[in-house]
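Notes to accompany the following structure.
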Amino acid sequence: MFTLLRDLRRIRRGLDLPGPARGGSLAVRHVDAGSCNGCEHELTLTSAPAYDLQRFGIGVVASPRHADVLFVTGAVTNRMREPLLTAYAAMPEPRRVAAVGDCALGCGVLGSASELAGPVEDLLPVDLRLPGCPPDPAAIAAALLTLIGQ
Ligand code: SF4
């Protein structure tokens, strides 16, 4: 048990993330607007013991009404356009939007079919742009940490 905890501390030190936030928190509402699920796998990993974003006060919530930040992955499809706008409209102010992954940034990873509504920033005011296909969990963790307290 102590060996595991020691190994975990060593791994976390290697990630070079800041210490736990004091007095800050961030509620994240995730919307998959048309991804291949690669970005979702990386987001899921930020809850693994090595990152454990909950210790920083960062948690994924089920409703946009409880969210501080809308975390959007995937190329926005025409069918997901309205649900994305509806989720944004339901969020309380101040609300922020993170476009995560090359697809959300409109880099055309999945092509430029007529079924796509365009990059997230054509539809919503984007505060955080995180490139990568997919961005790794350390990059996602570091990006979300920059939003705490802003
Ligand atoms: S950015 Fe890459 S991993 Fe993320 S949804 Fe697009 S193709 Fe998949």
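The values are calculated or read from the model by the stated rules, or taken from the named source; none is laboratory data. Everything quoted here is computed from the prediction, not taken from an experiment. Don't worry about glycine lacking a Cβ; one is built from the backbone with ideal geometry, like all the others, and counts go over all protein chains shown.
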Answer residue from the stretch 22-58, given it is in contact (Cβ under 8 Å) with a residue 40 or more places away in the chain and among the polar types (S, T, N, Q) and is nearest to residue 145 (Cα to Cα) among those: 25
Answer yes if at least one residue in the stretch 57-65 is surrounded by fewer than 19 Cβ atoms within 10 Å (Cβ to Cβ) and within 16 Å of the ligand (Cβ to nearest atom), and no otherwise. no
Answer yes if at least one residue in the stretch 46-55 is within 15 Å of residue 128 (Cβ to Cβ), modelled with pLDDT of 95 or more and in contact with a Pro (Cβ under 9 Å, 6 or more places away or on another chain), and no otherwise. no
Residue under evaluation residue 34, criteria (1) over 30 Å from residue 7 (Cβ atoms); (2) touching a Pro at 6+ places or on another chain (Cβ under 9 Å); (3) within 16 Å of the ligand (Cβ to nearest atom), criterion not met: (2)
Any residue in the stretch 32-48 that is buried (at least 21 other Cβ atoms within 10 Å of the Cβ), over 14 Å from residue 140 (Cβ atoms) and either of a type in the set (S, T, N, Q) or under 15 Å from the mean Cα position of the chain (by Cα) (or both)? yes
Can you confirm whether the stretch 79-95 contains a residue that is modelled with pLDDT under 85 and outside any loop (DSSP other than H, G, I, E, B)? no
Name the residues in the stretch 123-150 that are more than 16 Å from the ligand (Cβ to nearest atom), of a type outside the set (Gly, Ala, Ser) and at pLDDT below 95, would you? 144, 145, 146, 147, 148, 150
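Residues are listed down the side, and each one gets a yes or a no for (1) in contact with a Ser or Thr (Cβ under 6 Å, 6 or more places away or on another chain); (2) part of a helix (DSSP H, G or I):
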{"residue": "4", "(1), (2)": "no, yes"}
{"residue": "8", "(1), (2)": "no, yes"}
{"residue": "17", "(1), (2)": "no, no"}
{"residue": "30", "(1), (2)": "no, no"}
{"residue": "34", "(1), (2)": "yes, no"}
{"residue": "44", "(1), (2)": "no, yes"}
{"residue": "48", "(1), (2)": "no, no"}
{"residue": "59", "(1), (2)": "no, no"}
{"residue": "62", "(1), (2)": "no, no"}
